[in-house]
1. At 1.4 Å probe size, what's the solvent-accessible area of LYS31? Round to the nearest 10 Å².
2. What does the charge add up to near TYR47, with Lys and Arg as +1, Asp and Glu as -1, over the other residues with Cβ less than 12 Å from its Cβ?
3. What does the charge count near LYS93 come to, summing +1 for each Lys or Arg and -1 for each Asp or Glu among other residues with Cβ under 12 Å from its Cβ?
4. By how many nm would the segment from ASP97 to MET45 grow when fully extended, if each residue of separation counts as 0.36 nm and the alpha-carbon distance is taken off?
5. Using r as the Cβ-Cβ distance of THR28 and TYR105, and R0 as 22 Å, what FRET efficiency do you calculate, to the nearest 0.05?
6. Could you work out the local net charge near VAL108, counting Lys and Arg as +1, Asp and Glu as -1, over the other residues with Cβ closer than 15 Å to its Cβ?
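The values are calculated or read from the model by the stated rules, or taken from the named source; none is laboratory data. Source: prediction; values computed, not measured. Cβ placement follows ideal geometry from the backbone for every residue including glycine, while neighbour counts extend to all protein chains displayed. Ligands, DNA and RNA are stripped out before the accessible areas are found, and what is left, the full protein with its side chains, is counted by its heavy atoms. Shrake-Rupley method; radii C 1.70, N 1.55, O 1.52, S 1.80 Å.
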Amino acid sequence: EPFNEYWNFPYMESLEGYKKLFRKIGFTVIKAEDVSEQTRKNWDMFYDIALQELKSMTLRKMIRYKKNPSIVRQGTRAARIAKNQFYANIFTKLCFDAGVVQYGYFVVQK
């Protein structure tokens, strides 16, 4: 849910599921490729950044964030987005390592 909300995915589907969806709405799938391994370093990096941020969090730093004008304007929405981004990084890394999350690209034609 945090990943879907932050990155605006209504839901996630398997690569085969996306192929079926493309075909169902009238597209021909010309090419479909699993590029999960090529994206692994990105998720490792985002995971490390999330952990570093958590480790460096202090009360002073939290107060600075809270007083930041852009955060003040957004109110609780900003806090929710930040929290969901953190959760999304952790969740995606764990799921990726477990083989649950895959990344692919498709070339389709109408």
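1. We get 90 Å² for LYS31.
2. With Lys, Arg at +1 and Asp, Glu at -1, the neighbours total -1.
3. Value of the local net charge: -1.
4. Taking 0.36 nm per residue and subtracting the Cα distance, the gain is 17.4 nm.
5. Here the calculated transfer efficiency is 0.90.
6. That sum, taken over residues with Cβ under 15 Å, equals +3.
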